[in-house]
Amino acid sequence: MSRLHPSEERAALEESVRRWCEDRATVAAEPRFVAERWREIAGFGWLAAVLEESAGGLGLSPSHASVIAEALAPAASQEPFAAQLALGGWVLARARGGVARDALLETWLAGESLVALADGDPAAPPWTSRPAFWGRRVGGDLLLDGEAPLALDGMLASHCLLVVADEREAKALYVLPAAALERVAREALDGRAHASIRCAGLAAPDDARLEFEAGTDAVLAEAAWLHALCAAAESVGLLRAMLRASVVYLGQREQFGRALIEFQVLQHRLVDMTLTLTRLESLLEVARFKVDELGLLAASPWIAAAKAATGEEGRAVARAAVQLHGAIGLTAELALGRQLRRLTALELLAGTTAQHEAHWRATRTA
Amino acid sequence: MLIESALGDAERAFLAEVRAFLAAELDPALVAAEDAQRSFIADHERGNRWIDRLRRRRWHVGHWPAAHGGAGLTPMENYLLQYEQGLHGAPAAPPMGLAYVGPTVIRFGTEAQRAAVLPPLIAGEDHWCQGFSEPGAGSDLARVQTFAERRGERYVINGSKIWTTDAQHANKIFVLLRTRRDDSREALSFFLVDMATPGVTVRPLRMLTGDHEFNQVFFDDVEVGPEALLAGEGQGWAVARFLLEIERGSFVFGGRLRRRLARLEARLRAAGRVDAQVEHALARLDRDLLAYEMTELRLGTLAQGGALQNAAANLIKIDWTELLVRMDELGLASADPSALCADGAPLREGELGMPGWLASRFNNLAAPIYGGSNEVQRNLVFRTLRQAWGSA
């Protein structure tokens, strides 16, 4: 039996997310994060789906996270699923258990707390080493100095994961309460509540340090690739919604005495959007297969192909959707406009289109 | 690339069987000749030589049901068989008989017609060509005017068909004809005709490269019996649509395109032509081809197109033909004046001298036109799109 047929787990996940989205369609315009909705998402087990069972997860392959991200995309404009899962829960779950980590993971899985990864240079590829803080030993204390210019969901987070380089330049992750850090709100174009995070001479207790069997660098790189996979999937979900909305809109909007959809030139534009969407769906499927087969790190060329394509080609599909809607497409009145903002943010997040394109170019024949 | 992790255990075993077969049967001279070919259309002589080898396993009719002489392969097995052949440079099989007529006669034929058509087709004794387009009916196929006039039990055919691939090699032709003097689709009927029937003549059409792939076929008072009519008068459009669905969608091009891209890239690298711009173009083609390969697998083989599944064959046809043309154009964009002249490969009568890849660049411009132009395909995709989402 071919493994191309979606597993029962995957089909069930898609179905449950789709139902949730339909029920929430009327509130999807909510411009801010709503804690109650986030707890609903947690309650369905979607945050737990791909985490290891020993960490309280369901143990599905990480590719399933992208299935959830894709299905959530049309309705969850403010629920930070991709970043929270990849850069928060995934990292915590990969860390060795401890009192602080266990307690935080438990509330994170329940949707009661969010975490923000505080790392460095947002312009560098996220799968590269990017410490934002420096640790120095003074007496018995480790004191942290530094700034993370763009910690995703930083204003929503109860805790931050600080990427720290110590005096030997080895990297480590420290989990600290957000209240102990200096946070400055950085509201994003898609309405997300990011933050810059600073500290100077902050003492980090030893039990705040997360230990990873796989190594800190490897886990952070995995998290970056999982984030990229989910971002590509969310983009595909958004683009499908935009295409669909365009078909419906052209059927309703009359100009020149007939519905716009009767014009062949517009019909063919819709078909070209469909061709592109089909291509993006296929690249996403390839990436999922490769992740299942090889794991996140070894699957990076194909994740990069999918992310680069959703950026580059998704841009063209989104532009066509706006063009077909006319000026109304450039307002926030329709879901389309909000989706375009989120799509634009996704192009810049989890590795830019250019970074993924370069990674694909460099690794495609490997 | 073939996404092998998508395969189940039995499919992996079949894949190994296919690869072993190709390693044993596919000799380098055959592959070299296929690689040097001047178009994407199957070469009659070489294709049939290869079919002779496939016949031992019944893989030349792999996807036919076993009850009708086929190997009864699953769609996935058929995909693997075709993908690997293409990837390893096996000659493409001329499709008109084994791929088109066979399944169409299985679907619409009487027992007598199946008995007459299928065995010689399987045995390689009959070679078919396709009589659809006419000088006045190209994209708008339903406007064909070639007429079959009923005289008692028999029919007399007059008119002509054009762009008929391989008519110079075929001994049989299937034709879409009009059996009533009105313009409706109900006036169309589908006939199976012996090319040796008096009144059938073939005139070669030379293309821009001088190549002879297409012909015009004339019918002057060609008389056929009732056994030539498939599925009854007025059923021609239904039969033609069934056959066109095969033409557009039942092939696996991923392997052939993957080989073509690898050879293009190797040629450009060997010639020192890969600057940053070409590197970018190659990476983009590689990515688009990867997407195509997955599309072909999941929509073509496993019907995973969701609401748009009915448009799968049309989407696939547009995609592979445009990829093919883009590959040829990258080759052209990276070439120099040495490509103006023949590269020493032997030419057949009438062919203009130029490297095979450049002749392909001309001949493959036919791909987005044949099998229903890509604009007609877009009309059909739109119809599905509207049915699926238009009233949401």
Of the residues in the range A:151-202, those that are surrounded by fewer than 20 Cβ atoms within 10 Å (Cβ to Cβ) and hydroxyl-bearing (Ser, Thr, Tyr) come to A:158, A:196
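Just name the residue that is surrounded by the fewest Cβ atoms within 10 Å (Cβ to Cβ) out of those in the range B:152-164 that are of a type outside the set (Val, Ile, Thr) and without any contact (Cβ under 8 Å) to a residue 60 or more places away in the chain. Steps first, please.
Taking the range B:152-164 and keeping what is of a type outside the set (Val, Ile, Thr), we get B:152-155, B:158-161, B:163.
This time we only want the ones that are without any contact (Cβ under 8 Å) to a residue 60 or more places away in the chain, so: B:152, B:160-161.
On the way: B:152: 6, B:160: 18, B:161: 26.
Looking at the filtered set, the residue picked out is B:152.
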Filtering the range B:371-380 down to residues that are part of a helix (DSSP H, G or I) and within 20 Å of the chain's Cα centre (by Cα), which residue is nearest to the other protein chains (Cβ to nearest Cβ)?
B:378
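Regarding the range A:323-341, can at least one residue be identified that is within 19 Å of residue A:285 (Cα to Cα) and of a type in the set (Gly, Ala, Ser)? Full working, then the answer.
Of the range A:323-341, the ones within 19 Å of residue A:285 (Cα to Cα) are none.
So far as the range A:323-341 goes, no, none of its residues is within 19 Å of residue A:285 (Cα to Cα) and of a type in the set (Gly, Ala, Ser).
Can you tell me which residue is least open to solvent (accessible area, probe 1.4 Å) among those in the range B:313-369 that are in contact with a Pro (Cβ under 6 Å, 6 or more places away or on another chain) and either away from every other protein chain (no Cβ under 14 Å) or at pLDDT below 95 (or both)? Lay out the reasoning, then the answer.
So in the range B:313-369, the residues in contact with a Pro (Cβ under 6 Å, 6 or more places away or on another chain) come out as B:321, B:339, B:343.
Of the ones still in play, those that are also either away from every other protein chain (no Cβ under 14 Å) or at pLDDT below 95 (or both) are B:339, B:343.
Values: B:339: 12, B:343: 95 Å².
In this case the residue turns out to be B:339.
Could you list, in sequence order, all residues of the range B:284-302 that are free of Cβ contacts under 8 Å to residues at least 40 places away in the same chain and of a type outside the set (S, T, N, Q)? Reasoning before the result, please.
Step one: of the range B:284-302, the residues free of Cβ contacts under 8 Å to residues at least 40 places away in the same chain are B:284, B:286-289, B:291-292, B:295, B:298-299.
Passing the criteria: B:284, B:286, B:287, B:288, B:289, B:291, B:292, B:298, B:299.
What tally of residues in the range B:95-138 results from selecting those that are assigned to a loop (DSSP other than H, G, I, E, B) and small (Gly, Ala, Ser)? Give the steps one after another, and end with the answer.
Here is the first cut: in the range B:95-138, the ones assigned to a loop (DSSP other than H, G, I, E, B) are B:109-110, B:123-127, B:132-133, B:135-136, B:138.
If we keep only those that are small (Gly, Ala, Ser) as well, we get B:109, B:123-124, B:133, B:136, B:138.
Residues in the range B:95-138 being assigned to a loop (DSSP other than H, G, I, E, B) and small (Gly, Ala, Ser): 6 in total.
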With the requirement that a residue be surrounded by 15 or more Cβ atoms within 10 Å (Cβ to Cβ) and either free of Cβ contacts under 8 Å to residues at least 12 places away in the same chain or within 16 Å of the chain's Cα centre (by Cα) (or both), what does the range A:315-336 give you?
A:329
Given the range B:1-86, what helices (runs of 4 or more DSSP H) lie entirely inside it while holding 2 or more residues that are farther than 30 Å from residue A:301 by Cα and in contact (Cβ under 8 Å) with a residue 60 or more places away in the chain?
B:44-55
For the range B:237-261, which residues satisfy the criterion of being open to solvent by less than 60 Å² (accessible area, probe 1.4 Å), in a helix (DSSP H, G or I) and among the hydrophobic types (A, V, I, L, M, F, W, C)?
B:237, B:238, B:239, B:240, B:243, B:244, B:246, B:257, B:261
Looking at the range B:56-114 only, could you name the residues that are open to solvent by 50 Å² or more (accessible area, probe 1.4 Å) and in contact with an Asp or Glu (Cβ under 7 Å, 6 or more places away or on another chain)?
B:112
Need pairs with beta-carbon distance below 8 Å; first residue free of Cβ contacts under 8 Å to residues at least 60 places away in the same chain and within the range A:6-23, second open to solvent by 100 Å² or more (accessible area, probe 1.4 Å); sequence gap 6+ or separate chains.
A:16/A:44; A:17/A:44; A:20/A:44
For the range A:149-180, which positions are free of Cβ contacts under 8 Å to residues at least 24 places away in the same chain and closer than 22 Å to residue A:111 by Cα?
A:177, A:179, A:180
Under 8 Å between Cβ atoms, which residue pairs at least 6 apart in sequence (or on different chains) link something in the range A:346-366 that is on the phi > 0 side of the Ramachandran plot with a partner that is modelled with pLDDT of 95 or more and surrounded by fewer than 17 Cβ atoms within 10 Å (Cβ to Cβ)?
none
Of the conditions (1) more than 8 Å from chain B (Cβ to nearest Cβ); (2) open to solvent by less than 50 Å² (accessible area, probe 1.4 Å), residue A:254 clears all except one; give me its number.
(2)
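Given the structure, is residue B:268 out of contact with any Leu (no Cβ under 7 Å at 6 or more places or on another chain), within 11 Å of another protein chain (Cβ to nearest Cβ), more than 15 Å from residue B:324 (Cβ to Cβ) and open to solvent by less than 20 Å² (accessible area, probe 1.4 Å)?
Working: out of contact with any Leu (no Cβ under 7 Å at 6 or more places or on another chain): yes; within 11 Å of another protein chain (Cβ to nearest Cβ): no; more than 15 Å from residue B:324 (Cβ to Cβ): yes; open to solvent by less than 20 Å² (accessible area, probe 1.4 Å): yes.
In short, no.
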Take the conditions more than 14 Å from chain B (Cβ to nearest Cβ), in contact with a helix residue (DSSP H, G or I) (Cβ under 7 Å, 6 or more places away or on another chain) and open to solvent by 30 Å² or more (accessible area, probe 1.4 Å) and apply them to residue A:343. Does it pass?
no
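Working carefully through the options B:324, B:380, find the one that is under 25 Å from residue B:284 (Cα atoms) and assigned by TED's automatic domain parsing to the domain that holds residue B:286. Before the answer, list the steps.
Working: B:380 fails: under 25 Å from residue B:284 (Cα atoms).
Sole residue among the options that is under 25 Å from residue B:284 (Cα atoms) and assigned by TED's automatic domain parsing to the domain that holds residue B:286: B:324.
Going through A:30, A:112, A:22 one at a time, which residue ends up being among the charged types (D, E, K, R), closer than 26 Å to residue A:155 by Cβ and modelled with pLDDT under 95?
Numbers: A:112 fails: modelled with pLDDT under 95; A:22 fails: closer than 26 Å to residue A:155 by Cβ.
Sole residue among the options that is among the charged types (D, E, K, R), closer than 26 Å to residue A:155 by Cβ and modelled with pLDDT under 95: A:30.
The values are calculated or read from the model by the stated rules, or taken from the named source; none is laboratory data. Source: prediction; values computed, not measured. Because the Cβ atoms are built from the backbone with ideal geometry, glycine has one as well, and the counts that use them run over all protein chains shown. Ligands, DNA and RNA are excluded from the accessible area calculation, which covers all protein heavy atoms including side chains. Shrake-Rupley method; radii C 1.70, N 1.55, O 1.52, S 1.80 Å.
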